[in-house]
Structure formats: structure tokens, C-alpha cells
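J.: Got a structure here, written out as C-alpha cells. Questions coming.
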Amino acid sequence: MIKKLSLLFISVIVLNASVLDDKIQNIIGYKEFNENKSLIDYLFQNNSAFYSDGSVNYITVMEKLKENGLLKVGLDRPEDISITFKISNDPIKSMKIISDSLTALGYYHYFTKELIYEDARSIRWTINLKTEAAIDPLMLSKELAKNNCKFVDIKQEGFVKWMYEIDTSNSILSNAYTITNNERVNFRKPLSPYFIKVENAKIINIISKYGNHWFPQVVFYDKHLDILAIVKADEKKDSLLLEIPEETNYIKIDDIYTLANIKRGLSVIIKE
């Protein structure tokens, strides 16, 4: 019995090492992997340290690769980079998280090449951008981790074609400001529309600061970021009192014309 358990343990270690090798090769490419196989074997000899809950921990793997000069994203000249994101949960919410993560890394100018809904929950989203360096997968993984998202798989071809499979099943919107009931929050000049998170709320009171010229646009979303209701007013408002639709988890507060109209900020009060 002990011998059988020992053989099973050895086979698990070998399997883990083999899977880890495959994942590393997919990240850095076939050529880089084979040229540095001895170094990789040494760096990842304790392969169990690079697993978490039975899956490869991409952040720890890429940190080790980067520390040792094996994670390269620079290109010899500007290239057209193609990136495909495979998502299996909450497609609208997930696309916002990915888009916000790209923005946080300084990538604003990209266009959608392809968007395929494989079913009600799964999508393949391919974007293109021209750049002198591919998006750093380690930095991207850390931005996604802020939103409780993690890589399931990464594949790259020649540093100009990347595929990321992302687990967004436990995702949150980290840039949403959580407001508790009966709390008054004073928001400063916005750089983007205000995005807030609420729970079990019934009423929202939005008060425009003196000197603004606010033409409201308020969007209510459920937990999946599906739109529940939109309220617009094509006339200046000093305040707005609205009922919050049932199942609302997120609210976006904007101006229908320009954020400059609320440059002095807004105050928000949520009530049950």
C-alpha cells in the first residue's frame, strides 16, 4: 500500500512538472524555452511552489521568468499585435474588467477585430494594436487579479499573437466605489463617469455641486453588468432623486454631453 502511494506521489510530481513545462513554453515560446531548458529546470525544480489549488499559478511563474530575463515582450520594431481573450463567465462585466486593466497599463488605442459569443456565457474577444512591445502578461495578470480574475491558460506565437483564457467566475469591479446605505459621499471632479456599488438600496439622491451644469445620465446594472434601466435628462439639474431598480448592484453616474459639466463634483446619498 505504501509503495503504491509512493508511486502515485511520484507520478503526480512528474505530471505537475510536465504541465508546468508546457505552460512555460506557451508563455515564452518554443525557441526561448529550448535554448534555456537547463536554466528553467533549475528555476522550477520545486514545481509544487508554482501551483495553487491544483492549478498553475501564473503570477508566480511569470515573476520567476521575469526575474531571470526569460519573459521578454520587446520587439525590434512596431508590430501589429493580436490578442484573444477567452472568457467563460459574465461576458459584459469581464470585457469591462479587461478593458479597464488595459487602460490601467496605458493601452488606450486598440480595436476589436472579432467578438464571438460561443454561448450565453462564453466569448472570444480579439483585439489588435500596434506597439513596440507586447502587453506584459505579468502586469496584465496582476491588474486582473485586483478584480478576482486569473489566467487559466496563456499561449503566444512569436510575441505578436497572444491568447489568454481567463477565469472570471468570481470577478468583482475593483474600481467601483462601494457606498453603504444612508452614507453621503462627496465625489471630486471626475476623470471618467462615477461608478458605484450598492446593495439592497432603494433610493439614490444625487446632488450637483454649485457651479456645475449637469445634464444627468444614470445607468443601473445588475451583478452581471446587464443594464436594468437608464435615466437621462436633457435639461440642467441641481439634484436628482431616483428609485433604484431591484437587483441593482452597480450604478454609473454621467453627463449626457461632457464630464466638464460636473467638474466640481457630485454628492451621492443611498437609502434603503
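The values are calculated or read from the model by the stated rules, or taken from the named source; none is laboratory data. Just so you know, these numbers come straight off a predicted model, no measurement behind them. No Cβ is skipped: glycine too gets one built from the backbone with ideal geometry, and neighbour counts run over all protein chains shown. Surface areas here come from the heavy atoms of the whole protein model, side chains and all, with no ligands, DNA or RNA. Shrake-Rupley method; radii C 1.70, N 1.55, O 1.52, S 1.80 Å.
J.: Looking only at region 215-247, which residues are assigned to a strand (DSSP E or B) and of a type in the set (D, E, K, R)? Reasoning before the result, please.
T.: Start the filter on region 215-247 by keeping residues that are assigned to a strand (DSSP E or B), which leaves 216-221, 227-232, 237, 239-243.
Within region 215-247, Lys232, Lys237, Glu243 meet the criteria.
J.: Before we move on, is Asp80 closer than 28 Å to Asp226 by Cα and out of contact with any helix residue (DSSP H, G or I) (no Cβ under 9 Å at 6 or more places or on another chain)?
T.: Against the criterion (closer than 28 Å to Asp226 by Cα and out of contact with any helix residue (DSSP H, G or I) (no Cβ under 9 Å at 6 or more places or on another chain)), Asp80 does not qualify.
J.: When region 198-211 is examined, which residues are found to be buried (at least 18 other Cβ atoms within 10 Å of the Cβ) and either free of Cβ contacts under 8 Å to residues at least 60 places away in the same chain or assigned to a loop (DSSP other than H, G, I, E, B) (or both)?
T.: Val198, Ala201, Ser208
J.: Return yes or no: is Ile172 out of contact with any Lys or Arg (no Cβ under 6 Å at 6 or more places or on another chain), over 26 Å from Thr126 (Cβ atoms) and either surrounded by 15 or more Cβ atoms within 10 Å (Cβ to Cβ) or without any contact (Cβ under 8 Å) to a residue 12 or more places away in the chain (or both)? Let's see the steps before the verdict.
T.: On the way: out of contact with any Lys or Arg (no Cβ under 6 Å at 6 or more places or on another chain): yes; over 26 Å from Thr126 (Cβ atoms): no; either surrounded by 15 or more Cβ atoms within 10 Å (Cβ to Cβ) or without any contact (Cβ under 8 Å) to a residue 12 or more places away in the chain (or both): yes.
Considered against the rule, which asks whether it is out of contact with any Lys or Arg (no Cβ under 6 Å at 6 or more places or on another chain), over 26 Å from Thr126 (Cβ atoms) and either surrounded by 15 or more Cβ atoms within 10 Å (Cβ to Cβ) or without any contact (Cβ under 8 Å) to a residue 12 or more places away in the chain (or both), Ile172 comes out as no.
J.: Closer than 21 Å to Pro78 by Cα and among the charged types (D, E, K, R): is that true of Lys150 in this structure? Even if it seems obvious, please write down each step before you answer.
T.: Numbers: closer than 21 Å to Pro78 by Cα: no; among the charged types (D, E, K, R): yes.
So Lys150 fails the test.
J.: Looking only at region 80-128, how many residues end up being among the acidic types (Asp, Glu), open to solvent by less than 50 Å² (accessible area, probe 1.4 Å) and farther than 16 Å from Asn148 by Cα?
T.: 0
J.: Can I ask one more? Residues being open to solvent by 60 Å² or more (accessible area, probe 1.4 Å) and without any contact (Cβ under 8 Å) to a residue 24 or more places away in the chain: count how many of those fall in region 47-63.
T.: Total satisfying the criteria: 2.
J.: Also: Going through region 93-124 one residue at a time, which ones are in contact (Cβ under 8 Å) with a residue 40 or more places away in the chain and among the basic types (Lys, Arg)?
T.: Hits for region 93-124 are Lys93, Lys96, Arg124.
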